[in-house]
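The structure under discussion appears below in the form of structure tokens.
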Amino acid sequence: MKFASILRDNSTSVGIVNSATGRIRPLAGVTDMVDLIARYADIEPSLASNTQEIALADIKLAAPIVMPRRNIFCVGKNYREHAREFSNSGFEAGAKKGAEIDEYPAIFSKGPNTVIGPDAPVQLHSTVTSSVDYEAELAVIIGKPGRNISQKDAYNHIFGYTIVNDVTARDRQKNHKQWFMGKTLDTFCPMGPWITTSDELDPENLDVKCWVNGELRQNANTRDLIFGIPSLIATISAGLTLVPGDIIATGTPAGVGIGFTPPKFLKSGDVVAIEISGIGRLENRFVA
Ligand code: MG
């Protein structure tokens, strides 16, 4: 199933998307995605109730998780070609030539303030950065809580998957020698268009594509992740309890703006579109 958050006036509700027909069925009494995820076993039997379907074209979607309860976990340098382009770009603080593949995954976070939905504008923050870049990523949504989760058990803790754009201010990422400052500006985490539940796709074989103004920049498959999803969940949950609604962005493939010489940073009016097979398409315009 595909669950989306619907934005109407100043409130949100949750609906089930039929992407084949382009319609959505709002769920009576479910206003919050994290609540749906946390109580899914109780709510699931009532999902078949016959509330009216409406056209997706007639509504606005919010980010599937409108306001995460805490920071989004993110993974850096998790595709080989991207690790190489990042090391070679000059924007990785302390990077050593030939040491671009790490023994342990690089984990950082973005604040809940970064999250915006499909079609919402991303701010370029031109007073604090001049090097805004895109990163197309598959994101995991945690369903079942757990600590010290084994790799073998990891998939049992996943509710579903969505798309995020891990927007990054490269100058700040480099200058502060720690990634948080470059990653956590307001609007820097477009998310959506919805959550596809884990029973509907094979997360180890998904095409990830990203276009800037219609030009294909990133084109990869999740089978090429260096640290796979079970490994990431085992690593992050070691001594840390994951809870329903937690989000893990799994890393971006090669083809980001700093992979080009000279770098291709985003400017006002640019549109970044990301597609992941089995999920959908997330599109956002960057504005000054
Ligand atoms: Mg990233």
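At a glance:
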{"quantity": "Dipole of the chain, positive end: most advanced residue of Phe73, Val30, Leu282 [Cβ charges, Cα centre]", "calculated": "Phe73"}
{"quantity": "Per-residue HN-Hα couplings for region 160-172 [Karplus 6.51, -1.76, 1.60; θ = phi - 60°; Hz; x = Gly/Pro]", "calculated": "x, 9, 9, 10, 10, 10, 7, 4, 9, 8, 5, 5, 5"}
{"quantity": "Paramagnetic label zone (point 7 Å from Cα along Cα-to-C-beta, Met1; backbone N under 19 Å) in region 129-154", "calculated": "141-145"}
{"quantity": "In nm, spacing of pseudo-spin labels at Asp9 and Gln178 (7 Å Cα→C-beta vector)", "calculated": "4.3"}
{"quantity": "Accessible surface of region 72-287 [probe 1.4 Å, protein heavy atoms]: carbon and sulfur percent", "calculated": "49"}
{"quantity": "Euclidean distance of C-alpha centroids, region 134-150 and region 15-69, integer Å", "calculated": "20"}
{"quantity": "Spatial separation of Cα centroids for region 102-130 and region 205-281, in angstrom", "calculated": "12"}
{"quantity": "Karplus 3J(HN,Hα) series, Hz, for region 233-247 with 6.51 cos²θ - 1.76 cosθ + 1.60 (x for Gly, Pro)", "calculated": "5, 4, 5, 5, 7, 5, x, 9, 7, 7, 10, x, x, 5, 10"}
{"quantity": "Beta bridges per DSSP with both ends in region 72-287, % antiparallel, nearest 5", "calculated": "85"}
{"quantity": "Inter-label distance for Asn148 and Ser231, nm, one decimal - labels placed 7 Å from Cα along Cα-to-Cβ", "calculated": "2.3"}
{"quantity": "Mean separation of Cα contacts under 8 Å (6+ apart) over length of region 2-62, as relative contact order %", "calculated": "39"}
{"quantity": "For Lys77, distant residues with modelled amide H under 5 Å away", "calculated": "Thr252"}
{"quantity": "Contour excess over end-to-end distance, with Cα ends at Leu240 and Asn113 and 0.36 nm allotted per residue", "calculated": "43.5 nm"}
{"quantity": "Ratio Rg/Rh [Cα only; Rh per Kirkwood] for region 72-287", "calculated": "0.94"}
{"quantity": "Phi to ³J(HN,Hα) by Karplus 6.51 cos²θ - 1.76 cosθ + 1.60 over region 183-191, Hz, x for Gly, Pro", "calculated": "10, 10, 5, 3, 6, 7, 9, x, 9"}
{"quantity": "Degrees between helix 80-89 axis and first principal axis of the chain (Cα, 0 to 90, nearest 10)", "calculated": "50"}
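The values are calculated or read from the model by the stated rules, or taken from the named source; none is laboratory data. Nothing here was measured: the structure is a model prediction, and the numbers come from that model. Backbone-built Cβ (ideal geometry, glycine too); neighbour counts: all protein chains shown. In case anyone asks, the SASA skips ligands and DNA or RNA and just uses the protein heavy atoms, side chains included. Shrake-Rupley method; radii C 1.70, N 1.55, O 1.52, S 1.80 Å.
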